[in-house]
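Engineer: Shown below is the structure under consideration.
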Amino acid sequence: MDGRTARGAKNRQAVLDAALALMEEGNLQPTAQAVAERAGVATRSVYHHFRDLETLYLDAAQTQIARHWVLLMEPVSGGLDDRIDRVVALRAELFERVAGTRRAALLREHESVVLSERLDESRAALRAHLRTHLPELADLDPPARESAYALCSWEVWDVLRRHQSLSVTAARAAVTSVLTSLLTG
């Protein structure tokens, strides 16, 4: 890679990292100027590397997937209680890591077909993760099974953490308790 190409790649990554940092800090709709200032580049560099802000936001979401969704690849084994604890712990860690970006994506979901598709894929992957590690879900009647999927969703996690002001430990305990009741009751 020549020097100009390397510099371009470095600046592109700096823009992407700046956008992610701003979202994680609560700026869910960072402007190109804010991203550029954070990245230490000119505003025109944002548009040089990304066609528009939606493209930047989509790449940010893809970067989060690549960085953090590997958590769901970690092994989950043992008895039902152990598997429930592990699944909830993995989701808690994932949800905490991607909270800002996820909130930003949800703001744009209704106006971006591509972002809406990515979020639907994410939801499907989370459901598949539950089915894989908690096959007991198949024994529940459909309303109870759908309740379990909802309980383990990012949206419920966000309500527990932000709106009910639960700590990570308390939110994990709440999800674990209800999920255990559903699967053993």
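The values are calculated or read from the model by the stated rules, or taken from the named source; none is laboratory data. Bear in mind that the values here come from a model prediction, so they are computed numbers and not experimental data. Methodologically, a virtual Cβ is constructed for each residue, glycine included, from the backbone with ideal geometry; neighbour enumeration extends over all protein chains shown. Ligands, DNA and RNA are excluded from the accessible area calculation, which covers all protein heavy atoms including side chains. Shrake-Rupley method; radii C 1.70, N 1.55, O 1.52, S 1.80 Å.
Engineer: Pop out the ³J(HN,Hα) list for region 145-162 in order, Karplus 6.51 cos²θ - 1.76 cosθ + 1.60 with θ = phi - 60°, rounded to Hz; leave Gly and Pro as x.
Structural biologist: 5, 5, 5, 5, 4, 5, 4, 8, 7, 5, 4, 5, 4, 5, 4, 4, 7, 8
Engineer: Let me check something: with ligands and nucleic acids excluded, how do TRP69, TRP157 order by accessible area (1.4 Å probe), largest to smallest? Don't jump to the answer; show the numbers that get you there.
Structural biologist: Details: TRP69 45, TRP157 15 Å².
My answer, sorted largest first, is TRP69, TRP157.
Engineer: Kirkwood Rh and Cα-based Rg: tell me the resulting Rg over Rh for region 4-54, rounded to two decimals. Don't skip to the end; give the middle numbers.
Structural biologist: Numbers: Rg = 10.1 Å, Rh = 10.7 Å.
My calculation of the ratio gives 0.95.
Engineer: Something else now. Taking a label point 7 Å from the Cα of THR132 along the Cα→Cβ vector, which residues of region 46-68 have an amide N closer than 17 Å to it?
Structural biologist: Within reach of a label on THR132: 65-68.
Engineer: By accessible area of protein heavy atoms, probe 1.4 Å, what ranking do THR55, THR31 get, highest first? Don't skip to the answer; put the middle values down first.
Structural biologist: Details: THR55 30, THR31 75 Å².
My answer, sorted largest first, is THR31, THR55.
Engineer: Then there's this: Percent of alpha carbon pairs in the chain separated by more than 27 Å?
Structural biologist: On the way: 6237 of 17020 pairs.
Roughly 37 percent, once rounded to a whole number.
Engineer: A further question on this structure: How far is it, in nm, from the label point at SER181 to the one at LEU140 when both lie 7 Å from their Cα along the line to the Cβ?
Structural biologist: About 1.2 nm, to one decimal.
Engineer: Residue separation times 0.36 nm, minus the C-alpha to C-alpha distance between ALA42 and THR63: what's the value?
Structural biologist: 5.4 nm
Engineer: How many angstrom lie between the Cα centre of region 148-185 and the Cα centre of region 1-52?
Structural biologist: Region 148-185 and region 1-52 have Cα centres spaced 35 Å from each other.
Engineer: For region 117-185, what is the Kirkwood estimate of the hydrodynamic radius, computed as the reciprocal of the mean inverse distance between distinct Cα atoms, to one decimal in Å?
Structural biologist: Numbers: mean 1/r = 0.0790 Å⁻¹.
Evaluated over region 117-185, this radius sits at 12.7 Å.
Engineer: Now a separate question. Summing -39500 (n - 2.57) over the DSSP H runs of n ≥ 4 in the chain and dividing by its residue number, what mean residue ellipticity at 222 nm do you reach, to the nearest 500 deg cm²/dmol?
Structural biologist: -24000 deg cm²/dmol
Engineer: Around ASN27, what is the net charge, scoring Lys/Arg as +1 and Asp/Glu as -1 over all other residues with Cβ under 13 Å from its Cβ? Mind dumping the intermediate values first?
Structural biologist: Numbers: positive: ARG38, ARG103; negative: GLU24, GLU25, GLU37.
Neighbour charge sum, excluding ASN27 itself: -1.
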